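This report concerns only the one structure given below.
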Amino acid sequence: MIELKKFSYWYPGTEEPALQRISLDISEGEFVGIVGANGAGKSTLCYALSGFVPHFYNGESEGQLTFNGQDMAALDLGQLAGQVGLVFQNPFNQISGARFTVREEIAFGLENLGLPRSEMHARIDEALDLVNIQDLADRSPFSVSGGQQQRIAIASILAMQPRVLVLDEPTSQLDPDGTRDVFTALSKLVSTRKITVILAEHKLEWLATFCDRVIALGGGKLRAEGTPQEVLSSEQMLRLGIGRTQYSEAAARLLRTKKLPVTLEQAKKALK
Amino acid sequence: MMNLRKEFTTLSITLMAIGIGINLAVGTIVLRLGLPLYLDSIGTVLVGALVGPWAGAATGFLSNLVWTLTGLFPQAFAWAGVAAIIGALAGVFARSGWFNTVGKAALAGIITGILSAVLSAPIATYVFGGVVGAGTDALVAAFRAAGLDALLSNVAQGTFSDPLDKLVTFLIVWSLLLALPAREKARFGNLPVAAGRPLQGKTRRPAGKKTAAKKAAKKSTRRR
Amino acid sequence: MRGGSIYIERTSGLHRLHPLTKVALTALCFASAAALPSLAWLLALFVGLLLPLAIWGRLTAAFLKSCLLVVGPFVISLTIIQGFFSGGETVLFRLGRFAFTQEGLLAGLTFAARLLVALGGTLLLMQSTPQAQLMQALTERGFPPRLAYVVLTAIQIFPSFQDRAQVIIDAQQARGLELQSGLLSRVRLLLPMVGPLILGSVMDVSERAMALEARAFSSPAPKTSLHSLADSPSQRILRWLLVLAAAALLAWRLWSALQ
């Protein structure tokens, strides 16, 4: 669905590429996790996968970046918005502020797409339901907690019914409660909807339980790729400054096994 | 006119909203702190300097519309045109490099302040009967007592407060531009490359540029 | 002085009017403020039109209070300045070499009444109309949607800027940094207080703008709205009548000035 071939990208006025010769093929319905230390290129890759690189940031690129076989650079952001949704780190920045209730805030994107009123209401109700914030519908989006705001941001994108959802560290500015809320919503989404999800995240325990595939970045390069178990349990994670899940660490100390667990379930089995 | 479209990209539109937010937030705080200044155009001057005259004008105009719409200062709309001219001037000054040094920025602030006083006076005189409904009306009374006519008294009152207010505003914006990473400034495209660079003129290095700029910014603020 | 709206939610006929009908009413107030010849006429308009509208909107107390707060300072300034300096024969009292005249007092009060009518109309509009509805109505009549975004977002964002600034001010005061010392030191204290706040929000602009693009902000499709604004043929006629009346008042004023 989204394909990168030896894709490199330089931000305007920089000499070091933010992404370096990355080849990647993401297919429909897949849940892909992106891990990497700060500055490894996670955000830039998220922007590339959703078309903001090269559309929003100028700068230079090399190689190929295609969406459904079409060159990403040839599509415009207005067209892409209904196809690929992007959720950012900071919840406050994602509230448009141009609407006064949560329901209206979610409607903002749909109004821009020019949808008829009845369809808007149906989609908003569905999105509120998916992230479990029906009770906030008539509140001001500025009067709720960060975790709730982030779920409003996700609902606002989901209501646009994108085929791909890209999330760039959606919980990095949230407290543990807010983090749990967001991931609970995400797991519900994965189980009820067939949608391609790409999630950049530091919280490896959560990532490991959701992903079909994990990609590890370091210095703008693709360093590892495979199932969560293969990638997240490897020694390389420590060298890249990514770390490993608490389950892998515990098992590494307790067990003499090559195949370290990365999720709670796997850890339970391994420790039996 | 060629720049009109360029100054209303989604990026600059977003900055305008933030700029108006800054105007209102700082404006109301300054009022509460009891300073004899308004400082309600920091956002307008900042947007004008970063994006350009059209964006600056729009920010000034819409700021006064927002003061009216919020009911915080309903009469503000009468001065929307003056606010627009202040924003446009900031854009022109910045484009011509007047924000490159503290001295030029200060002079630009004083010039803008004088112009603002001259343009505001007829509004106070003919729309509001020669007053603005604030403490500064005591000054107007003093000038009338000294024999000046209604319009001149308002010009005189304005030249007491406006140049100082705009001087402080332009200096604040100058120091903000100094502290802002070059990458952020370049994104909006109005400032000449040298603007906000440290006075000693350090050369740009591609790597670690951000930290160099930050250090330099710190140094020059301290030196001030 | 906190918060970005003076709208007061009520169930009333005034609230239910289409925003543009109320804008037309405000326009009539502006025209009347400029055109009506005397204090009596201006006060009659206030008592005969604005006050009944406020009562209809169940906003009487709030409306009168706002009018007093906004126009009160003008009454004081205008009375003093016009009373002493606009000439006249009938001297009421003297202060040193300056005479306070009856004609000046009347001129001052008349000007204050003009402001009362114009600003009263504005206040009533904003107290009975949610800003979002007003902007939607304007957008439907051709106001650029991108600028409507700027206006509405600014209105909603500045209270959170204020909150953040207040936290910093409180922290400074808690650390014993006196805010009430001389002018220069107060200005110098202000910059470190608001500087980081402003810089931070400017650095956030890219992410905000991208988030907007992700919401199809630049989509070429014609925009729709979630809510419809109730309108009626009779209101449409009323709006035209109000605008005609405003234009007629101004034309009459212009004509009598030229005579």
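Here is how the numbers come out for the structure above:
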item: Condition met for B:GLY103 (crowded, with 24+ Cβ neighbours inside 10 Å and modelled with pLDDT of 95 or more); result: no
item: Residue list for segment A:61-86, restricted to those being within 8 Å of another protein chain (Cβ to nearest Cβ) and crowded, with 19+ Cβ neighbours inside 10 Å; result: A:LEU77, A:ALA81, A:GLY82, A:GLY85, A:LEU86
item: Residue among C:SER32, C:SER66 that alone is out of contact with any Cys (no Cβ under 7 Å at 6 or more places or on another chain), in contact (Cβ under 8 Å) with a residue 40 or more places away in the chain and closer than 25 Å to B:GLY27 by Cβ; result: C:SER66
item: Output for segment C:190-205, where each listed residue is at pLDDT 90 or above and more than 7 Å from chain B (Cβ to nearest Cβ); result: C:GLY200, C:ASP204
item: Members of segment A:245-272 that are buried (at least 20 other Cβ atoms within 10 Å of the Cβ) and in contact with an Asp or Glu (Cβ under 9 Å, 6 or more places away or on another chain); result: A:THR245, A:TYR247, A:LEU260, A:VAL262, A:THR263
item: Which numbered condition B:LEU72 fails, given (1) within 7 Å of chain C (Cβ to nearest Cβ); (2) assigned to a helix (DSSP H, G or I); (3) in contact (Cβ under 8 Å) with a residue 40 or more places away in the chain; result: (2)
item: Which listed residue is at pLDDT below 90, in a helix (DSSP H, G or I) and within 15 Å of the chain's Cα centre (by Cα), from B:SER161, B:SER116, B:SER175; result: B:SER161
item: Enumeration of residues in segment C:1-29 that are touching a residue at least 40 places away in the same chain (Cβ under 8 Å), within 27 Å of C:ALA112 (Cβ to Cβ) and not polar (S, T, N, Q); result: C:ILE6, C:TYR7, C:ILE8, C:LEU14, C:LYS22, C:VAL23, C:ALA24, C:LEU25, C:ALA27, C:LEU28, C:CYS29
item: Residue list for segment B:7-35, restricted to those being within 7 Å of chain C (Cβ to nearest Cβ) and not in a helix (DSSP H, G or I); result: B:PHE8, B:LEU35
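The values are calculated or read from the model by the stated rules, or taken from the named source; none is laboratory data. Owing to the predicted nature of the structure, the values given are computational and were not obtained by experimental measurement. No Cβ is skipped: glycine too gets one built from the backbone with ideal geometry, and neighbour counts run over all protein chains shown.
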